[in-house]
Amino acid sequence: MKTTRRAFGVLTAALLASTAFAADDKVTLRLSTPASETDQRSIALAEVFGPAIADFATYEPHYNSSLIAQGAELESIASGDLEMSITSAQELAQFFPEFSIFATGYVHQDAAHQVAVFNAPLMDSFKNTVESELDVKLLSVMYLGRRHVNLRQSKDELTVTTPADLAGVNLRMPGTDAWQFLGKALGANPTPMAFTEVYTALQTGSVDGQDNPLPTVVDAKFYEVTKQIALTSHLVDLNYIALSKSTWDGLSADQQATLQAAADAAAEVARQAQLAKEDDLVAFLTEKGLDIYEPDLAAFRSHVQEQYVGTDFAASWPEGVLADINALGN
Ligand code: KDO
């Protein structure tokens, strides 16, 4: 009898632990990201999003890919093992190739352009596909920043003027097809690697460089193990705040409205913080001894754009969408 009762107690505890609802009936939203706790997106989500939904949900972030490996988050949400991530167009393109349009070099022009595109009717079919086929709701667009080429070599050893100068350079890029293609389109030799391994790879010389926006170069301390940044601005990079659609469907209409507003507010705070950092950090990085300079941007732009012509990526883009995206820019 005693044993049975204890067994029942253990079973009850296990059942309670396995549900996303805690004892106080709040839903727990676990977010997994490769980003650090000090990344501006992480800060805004923790300081703006979490408190705004605290009446009905507990926001539980996991940083530095400590819960789910980079690139596996969407699958985890789809299978019910995770509620949230800060996903990318490159990751979504692994499931839906048409998302590669948002991962293509020199398409987005700036942060405001990203917001206009995300809120435009052209996004509806993209968002609907992700919801119905992956059970993932894209809540808001986050600004990561302009990605540049950041190398171990000093500018004296290697000056990057055109894509030809990157020939043979082992450039770490994240590990999806869209990222690898972009690395190749830049003229480099792309090497796939998880974000959390990049610092050590730069330190030991197993790669020559990496590409990320200036705030990430500083946050991840890549400046300690690199000597130059060629300001290629090859991708005005974005992320989407992604939420399990099943979790969303379990909320009341009021809660959904609060959560949506919280995600938008966090994205806006993070965007402004990231933009301010991009402006400020050239001075910081120069002081740290890095050479920071602009290559021949026209040469990079035309070379990168030419590489996409006739590819499977371009073939997957819905007709007219590139023109619609361009029309929303300057
Ligand atoms: C990266 O792996 O280089 C990248 O910048 C890719 C982005 O999509 C984003 O996931 C980011 O890493 C992480 O959030 C770490 O900042």
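Details
- Excluding ligands, DNA and RNA, the accessible surface per residue across the range 223-330 is 48 Å² with a 1.4 Å probe.
- Neighbours of Ala57, meaning other residues whose beta-carbon lies under 10 angstrom from its beta-carbon, give a summed charge of -2 when Lys and Arg score +1 and Asp and Glu score -1.
- Greater than 18 Å apart at Cα, pairs in Lys26/Lys127; Lys221/Lys288; Lys155/Lys227; Lys184/Lys288: Lys26/Lys127; Lys184/Lys288
- Only protein atoms count toward the accessible area here, which uses a 1.4 Å probe; on the range 60-109, the carbon and sulfur part of that area reaches 45 percent.
- Apportionment of accessible area to carbon and sulfur, the range 126-244, percent (1.4 Å): 43 percent
- Note on Glu287 and Ala194: with the Förster distance fixed at 35 Å, the Cβ-Cβ geometry gives a FRET efficiency of about 0.75.
- For the range 57-67, Karplus couplings with θ = phi - 60° (6.51, -1.76, 1.60), whole Hz, Gly/Pro x: 8, 9, 7, 10, x, 10, 9, 6, 6, 6, 9
- Summing Lys and Arg as +1 and Asp and Glu as -1 over all other residues whose Cβ lies under 13 Å from the Cβ of Lys227 gives a net charge of -2.
- Whole-angstrom gap from the range 78-152 to the range 165-226, using each part's C-alpha centre: 20 Å
- Extension gain for Lys155-Asp177 works out to 5.0 nm (0.36 nm per residue, less the C-alpha to C-alpha distance).
- Portion, in percent, of the accessible area of the range 259-330 that falls on carbon or sulfur, probe 1.4 Å: 50 percent
- Accessible surface computed residue by residue for the range 152-202, with neighbouring protein chains in place and a 1.4 Å probe, gives 42 Å² per residue.
The values are calculated or read from the model by the stated rules, or taken from the named source; none is laboratory data. Keep in mind it's a predicted model, so treat the numbers as computed, not measured. Counting neighbours? That spans all protein chains shown, and the Cβs are built from the backbone with ideal geometry, glycine included. Ligands, DNA and RNA are excluded from the accessible area calculation, which covers all protein heavy atoms including side chains. Shrake-Rupley method; radii C 1.70, N 1.55, O 1.52, S 1.80 Å.
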